[in-house]
Amino acid sequence: IFTNTDSRSLRFDGTNDFAFAPHDASLNLTNGMTLEAWVKPSLTGGPRTLIAKASSPSIFCYSLGLNSSRKVLLRTSDSAGNIFLSVTGGTALATGQWRHVSASWNGTQGKILLDGVLDGSGSGVGTTRVSTISSFLVGGIFGSESFGGNLDQIRVWNIARTESDIQGDYQSILAGNEAGLVGLWRLSPGEGQTMLDSTPNGHDLTKGADPGEDTSDPLWAEESFPPASEYTTLYDLGESCLFLTHNCPSGGVYQLQSTT
């Protein structure tokens, strides 16, 4: 049996854990965006931040999180700090269950999707705040609004992806060079303080408040979503007939059989 190496996620304690990447202009999503992550909540209550570009809970460019009812919430604000888009999903995420969360904004309308299915929408026209200092944050805003649970496969785009776009690849592992993709964190090393950005932009995430280990570090977890692919080789009747079985994240099974 062979299992691929993408079998880790980050677990946040819901108290003060977070990870961050320094400000970069490519993360100022002024005219459109799509934010995606696999999410497995472990705690109730809120608000809890999943993804944000922010200086504090009240000063942010954009924020994707869960409200007090564990419903997905997308918000964007302008340069004056006015929130011009606020969209809440209709489904409360269950604790202990992986769901794919995505949120998009095309300049006029915001949408929230769960597992590729529309869960909420709303209108909002404005220009997202441009910051030269706000960090990109995952799992909390410098110890505030901390998410409790696991996060995996985080993606940030500077375009509003369509529902069909998201449905087509939300269970896939991306290459990192897809058009419009400005950040991709597979969260797969399973060790260390740094989570590499798999795009050419180099927005590597650092765990916690300090380069070294501290109490605000999320922990590596021995699980991921999509699940690690598993391949099984069988030899039939001593004839070395090779079967390659792929157990897919969606639950399906594909099998190839050699001809010799």
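Could you check residue 105 against (1) modelled with pLDDT of 95 or more; (2) out of contact with any strand residue (DSSP E or B) (no Cβ under 8 Å at 6 or more places or on another chain); (3) under 18 Å from residue 27 (Cβ atoms) and say which number it fails?
Only one criterion is unmet by residue 105, namely (2).
Run residue 175 past the list (1) among the small types (Gly, Ala, Ser); (2) over 22 Å from residue 42 (Cα atoms); (3) in contact with a Lys or Arg (Cβ under 7 Å, 6 or more places away or on another chain) and report the number of the one that doesn't hold.
Single failed check for residue 175: (3).
Restricting region 116-169 to residues that are of a type in the set (Lys, Arg) and open to solvent by 10 Å² or more (accessible area, probe 1.4 Å), which is farthest from the chain's Cα centre (by Cα)?
Among residues in region 116-169 that are of a type in the set (Lys, Arg) and open to solvent by 10 Å² or more (accessible area, probe 1.4 Å), the one farthest from the chain's Cα centre (by Cα) is 129.
Name the one entry in 191, 178 that is more than 12 Å from the chain's Cα centre (by Cα) and open to solvent by 60 Å² or more (accessible area, probe 1.4 Å).
Answer to the selection: 191.
Tally up the residues in region 175-207 that are small (Gly, Ala, Ser) and modelled with pLDDT of 95 or more, please.
6
Residue 36 passes all but one of (1) within 17 Å of the chain's Cα centre (by Cα); (2) open to solvent by 40 Å² or more (accessible area, probe 1.4 Å); (3) of a type outside the set (A, V, I, L, M, F, W, C); which number fails?
Residue 36 satisfies all of (1) within 17 Å of the chain's Cα centre (by Cα); (2) open to solvent by 40 Å² or more (accessible area, probe 1.4 Å); (3) of a type outside the set (A, V, I, L, M, F, W, C) except (2).
Does residue 76 satisfy being out of contact with any Ser or Thr (no Cβ under 6 Å at 6 or more places or on another chain), part of a strand (DSSP E or B) and free of Cβ contacts under 8 Å to residues at least 60 places away in the same chain?
Here the answer is no, as residue 76 does not meet what is asked.
Which condition number does residue 55 fail, the rest of (1) touching a Phe, Trp or Tyr at 6+ places or on another chain (Cβ under 9 Å); (2) over 21 Å from residue 225 (Cα atoms); (3) of a type outside the set (Val, Ile, Thr); (4) open to solvent by 50 Å² or more (accessible area, probe 1.4 Å) being met?
(4)
Would you pick out the residues in region 66-103 that are closer than 28 Å to residue 127 by Cβ and of a type in the set (Val, Ile, Thr)?
Correct list: 72, 76, 83, 87, 88, 101.
Residues checked against (1) within 25 Å of residue 111 (Cα to Cα); (2) part of a strand (DSSP E or B):
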site: 12; (1), (2): no, yes
site: 26; (1), (2): yes, no
site: 31; (1), (2): yes, no
site: 39; (1), (2): yes, yes
site: 52; (1), (2): yes, yes
site: 62; (1), (2): yes, yes
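Can you give me the number of residues within region 92-109 that are in contact with a Ser or Thr (Cβ under 8 Å, 6 or more places away or on another chain) and in a strand (DSSP E or B)?
Count: 6.
Go through the residues of region 110-119 one by one and say whether even a single one is at pLDDT 95 or above and assigned to a loop (DSSP other than H, G, I, E, B).
Yes, some residue in region 110-119 is at pLDDT 95 or above and assigned to a loop (DSSP other than H, G, I, E, B).
Among the listed residues 102, 68, 77, which satisfies the condition of being among the polar types (S, T, N, Q), within 18 Å of residue 158 (Cα to Cα) and more than 18 Å from the chain's Cα centre (by Cα)?
The unique qualifying residue is 77.
The values are calculated or read from the model by the stated rules, or taken from the named source; none is laboratory data. Everything quoted here is computed from the prediction, not taken from an experiment. Glycine gets a Cβ as well: all are built from the backbone with ideal geometry, and neighbour counts include every protein chain shown. Side chains included, ligands, DNA and RNA excluded: accessible areas come from the protein's heavy atoms. Shrake-Rupley method; radii C 1.70, N 1.55, O 1.52, S 1.80 Å.
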